[in-house]
Structures are given as structure tokens and as C-alpha cells.
């Protein structure tokens with residue numbers, strides 16, 4: 001029996017299955033069990049949302065206490081040559097206004113993280129639904145793909161915890177980079193001001209936790225869509241490669 005035939009054999013929708021806590025645990029230890037449970041119709045995702053929200057607020061607390069939001073904003077300006085030049089040419093009033101806007105945005109992203117994530121996953125699920133169903137002949141529902149996203153992104157909690165450890169281990173506040181706060185990619189060990197912007201974007205994109213997440217997402221999408229895993233990998237990594245290339249090109253042109 002082929003892999004496709006095995007994945008197409010579904011149990012009744014809404015069948016009793018794993019608890020959300022069990023699905024979270026299995027995401028790290030036996031991800032296929034989590035995604036098979038979602039395929040069977042058990043699509044609750046509020047617990048992963050809470051777990052990731054708490055991790056985000058923990059990072060916010062660490063940054064606020066040990067780095068400072070103002071220092072975080074100042075670092076982002078200093079690490080961006082074009083933005084630094086614009087600030088240097090601005091009047092004191094313009095600089096103060098820009099600084100207040102940057103502070104509000106930074107705090108807003110932290111505090112509104114769960115809602116931002118909800119909106120992002122809603123959009124990404126729609127894109128992936130169209131990709132896996134219309135291009136690869138899948139039979140996934142929007143709700144199942146949406147649930148897969150929340151469980152597949154749970155490794156981001158590991159990255160946040162590593163970032164918190166780095167912050168409390170005594171990182172120099174002036175060297176803190178909120179866009180790359182954990183040593184999970186080569187870019188974390190490069191100087192963003194001295195490294196070519198496109199190269200730095202590529203170095204940060206090849207992130208261990210990101211790859212872990214993409215693998216989980218590929219398995220989950222293939223499972224709930226009832227297609228071969230290779231189709232899931234092509235769909236997920238194909239979109240990721242496109243985003244990485246666009247990001248590197250943008251950094252090269254506007255960095």
C-alpha cells in the first residue's frame with residue numbers, strides 16, 4: 001500500500017483523540033501523532049496560542065528589564081545605515097517623533113504578538129490551502145491547516161527561551177538585536193553593520209529552529225491534506241525559499 005493510500009485512510013471526523021497537551025508534547029516527540037489527530041477532526045489550537053503568547057511576554061519582560069526598550073530601538077537604528085543617515089539629517093523634533101513612533105511599534109509588536117500571530121497564520125493558512133489542494137491535489141480543510149500552523153510553530157518557544165537565557169547571561173545591551181535575539185543561526189555570530197546585507201539576511205534565514213518548524217509544517221500539511229510527504233516539503237520549502245530570496249534581494253537593494 002502506498003504512502004498516499006495510507007494517509008488517505010481517515011477515521012471519522014470529530015473522533016475522540018488526543019488532548020491539546022498531548023498534541024503539544026507529541027509535536028516535539030512524535031509529530032505524526034499530533035497531525036494525524038488533527039486530520040481526524042480534532043483541530044483545537046488555543047493551548048499552543050497561549051503557550052506561545054506566554055513565551056513572547058517572557059521575552060518582552062527580559063528585554064524590558066535587562067536591555068530596555070529604548071536601547072532596543074536605538075540598536076535597530078544603529079544597525080541600519082540608511083535609517084541612521086535619515087535620523088542624522090532630521091531635526092531634533094523629527095528625531096523625537098520618529099523615536100516615539102518606533103517605541104510604540106516595538107511595544108505594540110510585543111504586546112499584540114498573539115493577535116499578530118493569529119492574523120499571520122490566518123493568511124498563511126489560506127495560501128497553503130490553495131497550494132496543497134489546487135497544485136498537489138490535497139483535500140485539506142482550512143481549519144485543519146490553521147491548526148497545523150499553531151502546532152508546527154511551537155519550536156519558536158525554544159528559540160525564545162534561548163534568547164531569554166542569552167539576555168540574562170549578560171549580553172551587552174548595545175549589541176542586542178531584537179530581530180535575531182537567539183544563537184540559532186550563523187547570522188547571530190556576524191556583525192550586522194559590517195556584513196553584506198544580503199549575506200546577513202541569508203545567514204539569519206538558515207535558522208535551526210526555522211528549519212525545524214518548516215519540517216513539522218511539511219509533515220502536518222501533507223498529513224491533513226492526504227498527500228505524499230514530498231508534496232508537503234515542496235509546498236512549504238518552496239514558499240520559504242521564495243520569501244528568503246525576496247528578503248535577501250530587498251536587503252541588497254535597500255540595506
| Ascending count of other beta-carbon atoms within 10 Å, so fewest first, for 125, 230, 144 | 230, 125, 144
| query | Hey, what angle do you get for helix 46-62 against the long axis of the chain, alpha-carbon based, 0 to 90 degrees rounded to 10? | reply | 20
| task | Could you work out the relative contact order of the range 18-254, using alpha carbon pairs under 8 angstrom and six or more residues apart, expressed as a whole percent? | result | 27
| query | Taking one equal scatterer on every alpha-carbon of the range 18-254, how large is log10 of I(q)/I(0) by Debye at q = 0.08, 0.09, 0.16 1/Å? | reply | -0.35, -0.44, -1.20
| message | Take residue 243 and residue 21, extend 7 Å from each Cα along the Cα→Cβ direction, and tell me the distance between the two endpoints in nm. | response | 3.1
| task | Mind jotting down the distance between the C-alpha centroids of the range 28-101 and the range 117-156, whole Å? | result | 22
| Helix 208-225 axis, angle to the chain major axis (alpha carbon atoms, nearest 10°) | 30
| remark: Shape descriptor, the range 88-128: equivalent ellipsoid semi-axes (Cα gyration tensor, sqrt 5λ, whole Å, largest first) stand at 33, 12, 5
| message | If you fit an axis through the alpha-carbon atoms of helix 92-111 and take the longest principal axis of the Cα set of the chain, what angle between them do you get, 0 to 90°, nearest 10? | response | 30
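Every number here is computed from the coordinates shown, using simple stated rules; none is lab data. Note that the coordinates shown come from a computational prediction; the quantities given were computed from them, not determined experimentally. Cβ atoms come from the backbone with ideal geometry, glycine included; neighbour counts cover every protein chain shown.
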